[in-house]
Each structure stands twice: as structure tokens, then as C-alpha cells.
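Worksheet for the structure shown next.
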Amino acid sequence: MSLLNTMKNQTHKKSKMKTDIRKLLNERILILDGAMGTMIQRHNLQEADYRGERFKDFHKDIKGNNDLLCLTQPQIIKDIHRKYFEAGSDIVETNTFNAQQVSMEDYDMQHLSREINLEAAKIAREAADEYTALTPDKPRFVAGAIGPMNRTLSLSPDVNKPEFRTVVFDQVKNAYLEQAIALIEGGVDLILIETIFDTLNCKAAIYACMEAFEIMNKELPIMISGTITDASGRTLSGQTIEAFYLSVRHANPISVGINCALGAQQMRPYIEALSNMAECYVSCYPNAGLPNEFGEYDESPAAMGSQVKDFLESGFINIIGGCCGTTPDHIAEIARLAANYQPRPLILIEENN
């Protein structure tokens, strides 16, 4: 409770969201950024690069902790945001996919979670404001990225003990709460709860966001994006895309969508089903195809664009971007295509009494 009381008393600098993103969503298809990890990999960073001067004597290997780069290599992260804005993105995600205490325990860096989220939001905010100033008629937005966490509330890691859990709901909620508060304080425009494969984790994140809005006296739009893990058409916790939407609809999200795990071609039936039932805007950011035998993504911008074009022509989409394997070149091609199509109109589903 002392941590929450401290946060309640901190002064909050409100982000300047000059243009209502809902207005833009009614006018055109908005472009989300592409993969952060793919772009970081291009820098071929080594252990010393991740450590920087501040963590040069840290007791544990930290290479691969990409969120930490917001503290040790902030210029790299900012340049990646800039590249995506240059490619046509309207929205970039903060580099905070794993930046909550539960996941950061892998590196014994859970004490840095708040600082990482705060700095990540500031870095993205600076890049967004820079590009908005260059083209005021095309405002840029920052989505605070909240990932799925490396532990699940619905599934046991031990097949012989199906009742066993490594975390409880309050632990997950509180980790997300600290993250959400720091993202809001850093100046994000939206919260993106993404790559959700366990809906109970998503509900903990939603609950955390609602509590964070109350603490910070500031409410932001929430985007929610689930993950269909394979050809079964279900999330890892067993839900169809229709069931997933109905499970999170109570949060009144600005958008619900699908990302990761699949390429655009494999996502088509699920994004169509979601488009036919969602009463909010619909987002989609596929991988650059399926990974090859080395875990790499080979789908070119042109190939991915031809598949995304089908979504655009079919009127499924309000927000489109890229996930694993995508680069600014992929986003530039998607942005070029999306400019020729109208966004999916909002629909109202009448419920049967």
C-alpha cells in the first residue's frame, strides 16, 4: 500500500493529445509501427551494450533484456521510433513489452520496472512530438505497450499439477498497475494491452489500467490485441476470437484486434470474424509470415502488403501495422496501400433480451 500511496501523491504531467484519435479513426485507417525486437537485432548488440556504464558490474547476464535499452541505449530506441514515423506510422508502441516486475525478475531487475516504463514513454513521446511538429496535419501518437507477461493465470506450467500457478491475480494486477502508472506519467496517449494469449492476464491488465486511471485522475483509451496461437483458431487459454472479444468487451476498449503468432494470410478468418462482431474499432498487426527453420521471418514488404491489401479491400480494418519480422519497409508498404481505402465503419450489435 505504501507504493500506491506514494504514486498517488506524485505530480502528473498530462500528455498533450491535441487531436482526438477517435476522430481520425473515423476518417482514415491508422498505421501502427512494426517490430521493435527485429530492429534492435539489426544493431547486433552485445552484453556490454546492454549493460552500458550504469550496469557494467551487474551480477547477472542481461543481454536480451530489450526493455532495459530504454535506460542504457535510449538513442537506439528513439531512432527506431523515428524510422517508423518516417515510414508512415501514426502510432508507435513504447519499448516496454516485458517491463513489469514479474517478467523483469528473470534478470533480477524488477526494481527497475517503473523507471524503464517512465523513460520508454518519454522517449516515444519526444519522437512523436518531433514528427507532429514537422507535419501538424498528421499528429503522431504513443501507445504504452503492456505485454502478456511470462507467467499465466489460467494455465499450470506443470502438466502433472493442473491446479498449480506460479502467480496469483493480485500479483499480476499490481505489476501491471505499476507499469500503467509509469506509462501514463511518461505521457502516452493510449494503453495497448497486446499479444494476449491468456485472457485472465488480460483482465488483470484491464483492472490495473482502470485503477491507474483513478489514481492518476486521467483516463486513456485502451487498445486490446489478442493472439491466435495456431491453426486451431484459439488463444493459448482456449478461447476462439469471438469468445475473447466477448470476454474483454466490458472494458469498452477503443479497439480490439489480433497480433503475433501468425502471418496475415493465416489471420484472415479470425480478423474477418472479429470485424463482423466488434462494436469498437478493429486492429491487426501480423508477423512477416511464419518463421523459417532458424526462427527468422522472410516475408518481404511486397508479399506482406499483398495479403494486407485483402483486409483493406474487405473493410476489416481501422488500425494496421506489423509484428515480428516487420521493419519500416514493411510499414511503408502497408501505409502506402492503406491510404487508398476507407476505414471499417463502427457497427452496433443489437443484443437479444
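Checked against (1) surrounded by 24 or more Cβ atoms within 10 Å (Cβ to Cβ); (2) more than 13 Å from the chain's Cα centre (by Cα), ALA145 passes all but condition (2). Any residue that is under 25 Å from CYS209 (Cα atoms) and at pLDDT 95 or above - is there at least one of those in the stretch 8-21? Yes. Under the condition of being part of a loop (DSSP other than H, G, I, E, B) and not acidic (Asp, Glu), the residues counted in the stretch 141-173 number 20.
Evaluation of TYR176 against the conditions (1) closer than 17 Å to MET216 by Cα; (2) hydroxyl-bearing (Ser, Thr, Tyr); (3) assigned to a loop (DSSP other than H, G, I, E, B) shows that the sole unmet condition is (3).
Please find, within the stretch 271-310, the residue that is surrounded by the fewest Cβ atoms within 10 Å (Cβ to Cβ) out of those that are among the aromatic types (Phe, Trp, Tyr) and modelled with pLDDT of 95 or more. Looking at residues that are among the aromatic types (Phe, Trp, Tyr) and modelled with pLDDT of 95 or more, I get TYR281.
For the stretch 186-204, the set of residues classified as part of a helix (DSSP H, G or I) and within 23 Å of ASP90 (Cβ to Cβ) consists of GLY186 only. Would you say THR195 is under 20 Å from ILE320 (Cβ atoms), of a type in the set (Ser, Thr, Tyr) and modelled with pLDDT of 95 or more? The answer is yes for THR195. Taking each residue of the stretch 275-295 that is without any contact (Cβ under 8 Å) to a residue 12 or more places away in the chain and on the phi > 0 side of the Ramachandran plot and looking for partners that are among the hydroxyl-bearing types (Ser, Thr, Tyr) and surrounded by 24 or more Cβ atoms within 10 Å (Cβ to Cβ) with beta-carbon atoms closer than 9 Å, six or more apart or interchain, yields nothing. Of the residues ILE116, ILE146, ILE77, the single one that is of a type in the set (A, V, I, L, M), closer than 25 Å to ILE196 by Cα and touching a Phe, Trp or Tyr at 6+ places or on another chain (Cβ under 8 Å) is ILE146. Screening ASP108 on (1) more than 22 Å from the chain's Cα centre (by Cα); (2) more than 22 Å from ALA182 (Cβ to Cβ) shows it passes everything except condition (2).
Restricting the stretch 182-236 to residues that are within 22 Å of CYS70 (Cα to Cα) and out of contact with any helix residue (DSSP H, G or I) (no Cβ under 8 Å at 6 or more places or on another chain), the residue that is surrounded by the most Cβ atoms within 10 Å (Cβ to Cβ) is LEU192.
Taking the listed residues LEU4, LEU24, the one that is modelled with pLDDT under 95 and surrounded by 12 or more Cβ atoms within 10 Å (Cβ to Cβ) is LEU4, with no other qualifying.
Out of everything in the stretch 153-173 that is in contact with an Asp or Glu (Cβ under 7 Å, 6 or more places away or on another chain) and in contact (Cβ under 8 Å) with a residue 12 or more places away in the chain, what residue ends up being nearest to LEU220 (Cα to Cα)? Applying the filter and picking the extreme gives LEU153. The helices (runs of 4 or more DSSP H) found wholly in the stretch 48-140 and carrying at least 1 residues that are surrounded by fewer than 16 Cβ atoms within 10 Å (Cβ to Cβ) and touching a helix residue (DSSP H, G or I) at 6+ places or on another chain (Cβ under 9 Å) occupy 74-87, 113-134.
The values are calculated or read from the model by the stated rules, or taken from the named source; none is laboratory data. Every value quoted in this text rests on a predicted model; they were computed, and no experiment measured them. Backbone-built Cβ (ideal geometry, glycine too); neighbour counts: all protein chains shown.
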